[in-house]
Amino acid sequence: MVDWGNVPAYFGGLALVLTLTVVQRDRREKVRDQANKVAAWVQRSRTENEPHRILIKNASDLPCTSLLIWSTVGYRNPSALRLSKTFGEDTDRGGKKPDYEHAVGPGETIVLLETSEDCAVRGLEFVDAAGRRWSRYGSQLVRLDTIAGRVFRRTRMTFWRIVIRLRRTWS
């Protein structure tokens, strides 16, 4: 006769770990659901007389508030323009203050800016309906009210402060 001992207990423990992993993943997806449906982008003009537009869309069923949008409009030095979807610090014109929008309703699209100059959206921060602060830079979505989000935000802000100081000293 074979003594199975604690083998059923091992299978039960493994099943518990797998169940907790699936529940945690589903909860994370549910928390990120609204944040994944908020975006900002540039709608390029198709004709000479039509302006470029910076749009913000909330495709979720709940409102989002306190939107900060960092965008680049125009260029100081066209030869410094890099071939990328976002333009760099060295091509910005004007100040670094982000545009602010108080709220975007469910299913709403807002035109934030219309301009004849080339433009790009560099970043977006907002608060979802549950009060969680989110940041989207490129394809990266980060929750800012967590420890990892605070480290991400502090690193990003420190990087831009260094770039701006270096730029001022070289100008």
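Overview of values
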read-out: Förster-model FRET efficiency, 41 Å R0, THR155 and THR109, C-beta, rounded to 0.05; value: 0.85
read-out: Theoretical gain in end-to-end length, ASP33 to GLN140 [0.36 nm per residue, Cα-Cα removed]; value: 37.1 nm
read-out: Virtual spin-label span in nm between ASP26 and ASP99, 7 Å along Cα→Cβ; value: 4.0 nm
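Only the coordinates and a few stated rules stand behind these numbers; no lab work does. Predicted model, so just to flag it, every value in this text is computed and none were measured. As a convention, Cβ positions derive from the backbone with ideal geometry for all residues, glycine included, and neighbour counts pool all protein chains shown.
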